[in-house]
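The values are calculated or read from the model by the stated rules, or taken from the named source; none is laboratory data. A quick note: this is a predicted structure, and the numbers were derived from the prediction, not measured. Counting neighbours? That spans all protein chains shown, and the Cβs are built from the backbone with ideal geometry, glycine included. In case anyone asks, the SASA skips ligands and DNA or RNA and just uses the protein heavy atoms, side chains included. Shrake-Rupley method; radii C 1.70, N 1.55, O 1.52, S 1.80 Å.
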Amino acid sequence: SVVNLISEVCLFFWVSVCFSMHLTQTAIQLSPYSGEKATFSVGGGQSSPEGEDPSVSLFREYLRLKTVHPDPDYDAALRFLDRMAEELGLPIKKIEVCPGRVVAIMTWEGTNPSLKSILLNSHTDVVPVFQEHWKYDAFSAFKDAEGNIYARGSQDMKCVTIQYIQAIRRLKAEGRKLMRTVHLMFVPDEEVGGHKGMETFVKHPEFQKLNIGFALDEGLANPGEAFTVFYGERNPWWITVHCPGSPGHGSRFVENTAAEKLRHVMNSFLDFREKEKHRLNTSECFTLGDVTTVNMTMVKGGVAYNVIPAEMDVSFDLRIPPTVNLQEFERQIKQWCKEAGEDVTYEFAQKHMNQNVTSTEENDPWWIALYYLHCRNLTLEKEIFPAATDSRFIRAVGIPAIGFSPMNRTPILLHDHNEFLNEQVFLKGISVFERLISALASVPACPAEA
């Protein structure tokens with residue numbers, strides 16, 4: 001009858017409400033995230049009250065930590081990492097490599113700890129922001145209607161830090177046992193050259209104890225469908241050329257002036273810049289990492305409008321690919337200075353000479369593990385990293401390293417205004433790392449390890 005039908009519908013509705021309340025109460029009790037109340041999503045995983053994936057919430061929390069230069073709050077990052085280590089059930093070790101500069105390392109011991117380990121490296125610092133150029137507060141981790149998360153560090157490289165952590169969380173939750181030990185390393189000061197971070201730490205006894213066989217570090221976003229992997233880096237040379245000359249009154253034609261020499265030096269460097277830019281723009285196979293970039297960044301000289309200066313300086317930022325003979329290139333610089341005039345000299349503020357690259361040969365066991373992703377319907381594009389990361393210090397001590405940030409369909413916005421990462425791209429990256437870490441930690445023992 002109609003009455004019976006109405007009674008059945010009401011009963012079904014009451015049972016559904018009670019069951020839903022039970023699930024919600026259970027989720028509240030199970031939520032590990034800072035006492036927040038959580039509910040179960042349709043897929044069975046936990047999510048925030050707004051329906052946000054807990055990994056995304058964790059990512060946004062980490063982005064709000066102001067580890068920004070010139071005064072990064074490293075203590076806040078270390079407290080956060082302590083909490084993560086406790087949640088993962090992993091020991092964490094802290095090494096102060098320089099005053100106020102601490103490297104933190106979580107370790108998941110493998111079933112065969114005598115084998116070479118896997119390093120998952122990330123840096124905790126981020127570059128400064130010019131807030132007036134941002135749509136939202138650069139440290140609010142604002143998420144728009146499309147799921148784009150705006151924050152300094154969203155691409156460089158706090159995303160990778162949380163993806164490592166969440167990938168390990170998933171593997172442990174699945175009860176996985178990895179053959180090789182995995183170290184998660186969190187280093188300071190990468191954004192200011194790494195001198196008080198990775199560059200110093202690779203010489204530290206604690207680094208040697210890690211017994212690293214292969215390392216992952218940061219990469220770049222890819223606007224297309226593919227994911228970019230970086231097997232080497234260009235060497236940064238920061239050079240200042242000093243041009244002395246005859247001083248005098250600004251009303252005269254003085255010979256042998258500093259400015260004339262400066263112009264010659266500038267022309268030599270910038271003419272070379274044009275040639276390299278032409279090579280890049282006319283080659284279908286070159287990327288930015290395959291050519292030498294030259295940028296004039298500073299000019300100094302003069303004290304008054306009517307006084308011809310006795311010296312002028314010009315500074316350049318050079319990024320040189322590993323295919324270039326560095327000794328020959330420096331001889332070219334010497335020749336440019338000689339042609340500019342007498343007593344023109346130069347000095348380096350930074351001069352990296354290591355040209356180690358990581359093997360991408362088809363028979364390389366580490367590359368085979370990476371290529372496993374390619375076989376899982378992910379397109380990989382190999383490149384030389386156009387700038388500089390901590391990978392250069394790792395490769396310099398003979399450890400193969402690959403730069404990889406799984407961000408496809410994403411504009412490259414590191415160090416830019418309105419840096420953002422879409423939450424779905426971020427979440428996919430966790431799954432990518434879950435498979436990759438498992439594959440790397442399962443690479444069979446090589447003859448040297450047997």
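Observations
- Pairs with Cβ under 8 Å, 6+ apart, first in region 363-376 and outside the structural domain of Leu119 (by the TED database) and closer than 18 Å to Leu115 by Cβ, second modelled with pLDDT of 95 or more and open to solvent by less than 30 Å² (accessible area, probe 1.4 Å): none
- Hits in region 212-225 (condition: in contact with a Leu (Cβ under 8 Å, 6 or more places away or on another chain) and part of a loop (DSSP other than H, G, I, E, B)): Leu220, Ala221
Rundown of residues vs (1) at pLDDT 95 or above; (2) farther than 21 Å from Glu52 by Cβ, yes/no style:
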{"site": "Lys135", "(1), (2)": "yes, no"}
{"site": "Lys143", "(1), (2)": "yes, no"}
{"site": "Ala151", "(1), (2)": "yes, no"}
{"site": "Tyr164", "(1), (2)": "yes, no"}
{"site": "Lys177", "(1), (2)": "yes, yes"}
{"site": "Gly193", "(1), (2)": "no, yes"}
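- When Ile394 is tested against (1) assigned to a loop (DSSP other than H, G, I, E, B); (2) touching a residue at least 60 places away in the same chain (Cβ under 8 Å); (3) farther than 17 Å from Trp237 by Cβ, just one condition goes unmet, and that condition is (1).
- Considering only residues in region 212-249 that are open to solvent by 50 Å² or more (accessible area, probe 1.4 Å) and of a type outside the set (D, E, K, R), the one that is farthest from Val397 (Cα to Cα) turns out to be His249.
- Residue list for region 409-450, restricted to those being assigned to a loop (DSSP other than H, G, I, E, B) and either basic (Lys, Arg) or at positive phi (or both): Arg409, His415, Asn418
- Among all residues of region 62-77, there is at least one that is open to solvent by 60 Å² or more (accessible area, probe 1.4 Å) and not in a loop (DSSP other than H, G, I, E, B).
- Selection over region 344-380 of residues that are surrounded by 14 or more Cβ atoms within 10 Å (Cβ to Cβ) and in contact with a Gly (Cβ under 9 Å, 6 or more places away or on another chain) gives a count of 6.
- Residue identified as aliphatic (A, V, I, L, M), without any contact (Cβ under 8 Å) to a residue 12 or more places away in the chain and in a helix (DSSP H, G or I) among Leu280, Leu270, Leu262: Leu280
- Condition met for Ile399 (touching a residue at least 40 places away in the same chain (Cβ under 8 Å), in a helix (DSSP H, G or I) and not small (Gly, Ala, Ser)): no
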